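Below: one structure, written as structure tokens.
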Amino acid sequence: MDVETYREKYQYTQFRILVIGRANAGKTTLLKRVCNTTDEPCIYDDKGENLLTDTIKRGIHDIDRPFSFANKPEYIFHDSPGFETGDEDQLKKVQEFIQKHAEATSVDDQLHAIWCIPLLLPCMRHLLAVQVLLCS
């Protein structure tokens, strides 16, 4: 089955991905490589308007604000908050986000993948407990 037939059959026009990893770990840089772009992402508000302007280059990290790249608008990304502080409120927000999208009936609102960027540094072992809670 080719891509167009698949999209027509299953009505998929986008692929929604939650990206989980520590803050400033280079998640956006990695996503730029995956999407084969050097452009900054477009971050959208509830009305579908881009929140980034020429004067704002970075800094909006809100799991409820989807972003994509102009050359790959069918890939919708959500950036999780960092878990460096062990803040259980951040963990709860991510779990609620996952639950909300798991219960979505529209394929456009469903979460299709969760990409966990591993934390490999030995000094970050305290984060493993948060990762276990999140992934259980």
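Some observations on this one:
- Less than 5 angstrom separates the built amide H of Gly21 from those of Ser80, Ile117, all sequence-distant by 5 or more or on a different chain.
- Protein-only accessible surface at a 1.4 angstrom probe places the residues Lys72, Lys92 in the order Lys92, Lys72, largest first.
- Phi-derived couplings, Karplus 6.51 cos²θ - 1.76 cosθ + 1.60 at θ = phi - 60°, listed residue by residue for the range 22-28: 5, 4, 6, 8, x, 4, 5 Hz, with x used for Gly and Pro.
- If you sort Val34, Val107, Val19 by accessible surface, 1.4 Å probe, largest first, the order is Val34, Val107, Val19.
- Set Lys32/Lys100; Lys47/Lys72; Lys27/Lys93; Lys32/Lys92; Lys32/Lys93 screened for pairs whose C-alpha atoms are more than 22 Å apart: Lys32/Lys100; Lys32/Lys92; Lys32/Lys93
The values are calculated or read from the model by the stated rules, or taken from the named source; none is laboratory data. Owing to the predicted nature of the structure, the values given are computational and were not obtained by experimental measurement. In case anyone asks, the SASA skips ligands and DNA or RNA and just uses the protein heavy atoms, side chains included. Shrake-Rupley method; radii C 1.70, N 1.55, O 1.52, S 1.80 Å.
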